[in-house]
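Here's the structure we're looking at; comments come further down.
The values are calculated or read from the model by the stated rules, or taken from the named source; none is laboratory data. What you are looking at is a predicted structure, and each value in this text was computed from that prediction instead of being measured. Here the Cβ is made from the backbone with ideal geometry for all residues, glycine too, and neighbour counts use every protein chain on show. Areas reflect the complete protein model, heavy atoms only, side chains present, ligands, DNA and RNA absent. Shrake-Rupley method; radii C 1.70, N 1.55, O 1.52, S 1.80 Å.
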Amino acid sequence: MQLVVARIGRAHGIKGEVTVEVRTDEPELRLGPGAVLATEPAATGPLTIEAGRVHSGRLLLRFEGVRDRTAAEALRNTLLIAEVDPEELPEEEDEFYDHQLIDLDVVLADGTGIGRITEISHLPSQDLFIVERPDGSEVMIPFVEEIVTEIDLEEQRAVITPPPGLIDDSEAVIASARDEEEALAGDTEKASGDAGEASRGDA
């Protein structure tokens, strides 16, 4: 499985270094010297990392064959892509790869369905789940222990305990996003108000 692990920013200095926007929780593993990364656009790569260092809180990388500012600037906005085993898990127990979290059902502790995770937004201060509601609207859920109380990959759901105002409970339904889609697809034997509790856990 291919995962985007960084985006190249502007050139730094005159010796081919570039700043990078890190999109992985394991930069030391994915962006270490010797790592060979595919790129988007594909014609730019593959790129092999020659060296890396942190400067003023930002990661700087230098790639093999990129020796001056002009060559470094030509890489700007290129996405760096790593090949990751789909079965591989992060080293830390409470960490997850984005692909493990995408499409999880988001439910309250009582089973009330909130929606489905469609995107993970990595901000400097914290990560956010972008959750699509059954009505097509979106809500952002901070991925912090106080709010996201459980990730159950086997059950394909994330259980949340949102503070007042984060989720409009009046719009929630007692069903997972997937259950609602199945019901709308033609399960006419069920009563319209009996879609059932979400039974899927975190993924």
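Annotations for the structure displayed:
- Single match in Val4, Val54 (criterion: open to solvent by 20 Å² or more (accessible area, probe 1.4 Å), without any contact (Cβ under 8 Å) to a residue 12 or more places away in the chain and assigned to a strand (DSSP E or B)): Val54
- Looking only at the stretch 7-27, and only at residues there that are out of contact with any Gly (no Cβ under 9 Å at 6 or more places or on another chain) and open to solvent by 60 Å² or more (accessible area, probe 1.4 Å), the one that is nearest to Arg76 (Cα to Cα): Arg10
- Answer residue from the stretch 143-158, given it is farther than 14 Å from Phe96 by Cα and without any contact (Cβ under 8 Å) to a residue 24 or more places away in the chain and is surrounded by the fewest Cβ atoms within 10 Å (Cβ to Cβ) among those: Glu146
- Single match in Arg23, Arg10, Arg69 (criterion: closer than 27 Å to Tyr97 by Cβ and of a type in the set (D, E, K, R)): Arg23
- Among the residues making up the stretch 113-129, those that are surrounded by fewer than 16 Cβ atoms within 10 Å (Cβ to Cβ) and either modelled with pLDDT of 90 or more or assigned to a strand (DSSP E or B) (or both) are Thr118, Glu119, Ser121, His122.
- Subset of the stretch 33-51 (residues that are under 16 Å from Ala11 (Cα atoms) and touching a Gly at 6+ places or on another chain (Cβ under 7 Å)): Ile49
- Any hit, the stretch 34-50, residues being over 26 Å from Glu138 (Cα atoms), part of a loop (DSSP other than H, G, I, E, B) and out of contact with any Ser or Thr (no Cβ under 9 Å at 6 or more places or on another chain): no
- One residue stands out in the stretch 57-81 among those that are among the hydrophobic types (A, V, I, L, M, F, W, C) and over 24 Å from Leu123 (Cα atoms): the one that is most open to solvent (accessible area, probe 1.4 Å), namely Ala74.
- The stretch 98-112, residues that are open to solvent by less than 10 Å² (accessible area, probe 1.4 Å) and outside any strand (DSSP E or B): Leu101, Leu104, Gly111
- Of all residues in the stretch 16-39, none satisfies being at pLDDT below 95, among the hydrophobic types (A, V, I, L, M, F, W, C) and more than 24 Å from the chain's Cα centre (by Cα).
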